[in-house]
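Below is one structure, written out as structure tokens; comments come after it.
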Amino acid sequence: MPSSKEHICTWKAARLPLVCLTLSYTMSIGCVLASRAFAQAAAAPGASQPADDSAGEPAAPETAASQPGSYRVLPVDQELRKTGAIQTTRILLAGKFANEQEQTAFDRFYKQYALAEWSLPENRSKLPELRRRLCNNLRTCGTGGRPSQVHDHLNAITLRYANGMATGNFHPATRVNAMLMIGQLNAKEAPTISVPPDPLPAALPVLVAALADEDQIDAVKVASMVGIFRHAELGAINSPSAQTAVLKAVVALLNAPRPAGRSAAGDAWMRRQAAEILATLRIGNSSAVVAALAKTVADKRLPLSTRCAAAEALGKLDYRGAGGVNFTPIAAALRQLTIEVCAAETEPISRRRLKSRLCSIGVGAVGIAAAGGAPDGLARLKKSLTAMIGSIENRKLAADVEAMMERINEEAEKLQSGAAKNP
């Protein structure tokens, strides 16, 4: 018979997708939320007239041209559409510049056409395709993961331009896709389909700065979190300085109240993503990280899905070297969350949703126990969670939802009784 730990974690482990699928799903959800955010921004009065700009590239954030009630548009040399594309393709395939003139022509194509067209109003619905096209260009000149002069050069151009567009007075659709592009940049492309790429280290500070910027719009913050999660998932946040910067920005988001103007759905997604980033980094020797996640678990104003994501993150942290972590209030918060999850599952009852939430809490409880935290009530919580999940998986109860919930609520009442005795 499987142990409590095995029973609680088996389903959770089985449902974890491949890294690439996880990143693809995260980016899809992030894009949807970002799309909603920039759609709201675009609906603002007087925000539909673009402003022509004579500059050949986006200026730095502090000098970007900005006209109230208008969006910046870069000049695009349409003559380069055919003539420049042919030469550029040849350079991408070669992976190096034959001479200085060739590099100049390459730069001109991207700066005055391929990247500049991201700012055109008629291209806003085409931006995801333009982003995919640029990713394909980078893969072409970085085929097989080999070092390439052209690949590194195009990375530098893209990072500079995308950052300028993400932080400048451009349409939200342009800004969001620019930030998503930054998160997709790789120092080394995937050599094979089974080997992941190496994210571009220089992109991470840009992503973190966008998340920490109080003046940045939420749509771009969402896009930056998609990129940060990708770096974390691919193991690219490994230096102490990078980890510190990411933790500071993500913890600040968890600790801050929902800003005015941010939708509840958007705020919930951002907090869930923050929890997933922390779970992926697994840095549990930071008191700020543990406190922020514990606070999220206990915050009854947040959606249950967000609180369960924080509970799961607590169970995935590496607490070695943490020292002095008080797990008693965390265990109490997990117990209370379990009670609320069961109470919230009313008609129509979703076995999948209930199981997912209970498993997330179970991962938290098992992780705390493994870290040496065994406060009063934790053993009872693990036992109840195992029984609850067992009831959901019981084939005899597959057609009897009422009987299943009766058993689950009996366990919830035991937890409630224990909480009353030992608050």
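The values are calculated or read from the model by the stated rules, or taken from the named source; none is laboratory data. Here the structure is a predicted model, which means the values were calculated and not measured. Don't worry about glycine lacking a Cβ; one is built from the backbone with ideal geometry, like all the others, and counts go over all protein chains shown.
Some notes on this structure:
- Out of Ile91, Ile86, sole residue that is surrounded by fewer than 17 Cβ atoms within 10 Å (Cβ to Cβ), assigned by TED's automatic domain parsing to the domain that holds Ser224 and either farther than 30 Å from Ala232 by Cα or touching a strand residue (DSSP E or B) at 6+ places or on another chain (Cβ under 9 Å) (or both): Ile86
- Residue, nearest to Leu127 (Cα to Cα), within the stretch 164-198, restricted to residues that are of a type outside the set (A, V, I, L, M, F, W, C) and within 18 Å of the chain's Cα centre (by Cα): Asn177
- Members of the stretch 229-268 that are over 17 Å from Glu214 (Cβ atoms) and in a loop (DSSP other than H, G, I, E, B): Leu234, Gly235, Ala236, Ile237, Asn238, Ser239, Ser263
- Only one entry of Val195, Val251 meets the criterion of being surrounded by fewer than 24 Cβ atoms within 10 Å (Cβ to Cβ) and outside the structural domain of Ala94 (by TED's automatic domain parsing), and that entry is Val251.
- Meets criteria (of a type in the set (Ser, Thr, Tyr) and not in a helix (DSSP H, G or I)) for Thr158: no
- Within the stretch 278-332, being hydroxyl-bearing (Ser, Thr, Tyr), under 16 Å from Ala252 (Cβ atoms) and surrounded by fewer than 22 Cβ atoms within 10 Å (Cβ to Cβ) holds for Ser286, Ser287.
- Ala279 over 14 Å from the mean Cα position of the chain (by Cα), at pLDDT 95 or above and either on the phi > 0 side of the Ramachandran plot or among the small types (Gly, Ala, Ser) (or both): no
This table checks each residue for (1) modelled with pLDDT under 90; (2) surrounded by 19 or more Cβ atoms within 10 Å (Cβ to Cβ); (3) out of contact with any helix residue (DSSP H, G or I) (no Cβ under 6 Å at 6 or more places or on another chain).
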position: Leu334; (1), (2), (3): no, yes, no
position: Arg357; (1), (2), (3): no, yes, no
position: Ala374; (1), (2), (3): yes, no, yes
position: Lys382; (1), (2), (3): no, yes, no
position: Ala387; (1), (2), (3): no, no, no
position: Gly390; (1), (2), (3): no, no, yes
position: Ala398; (1), (2), (3): yes, no, yes
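- Counting only helices (runs of 4 or more DSSP H) that sit wholly inside the stretch 327-423, those with at least 1 residues that are farther than 20 Å from Leu304 by Cα, in contact (Cβ under 8 Å) with a residue 40 or more places away in the chain and touching a Ser or Thr at 6+ places or on another chain (Cβ under 8 Å) are 378-393, 401-421.
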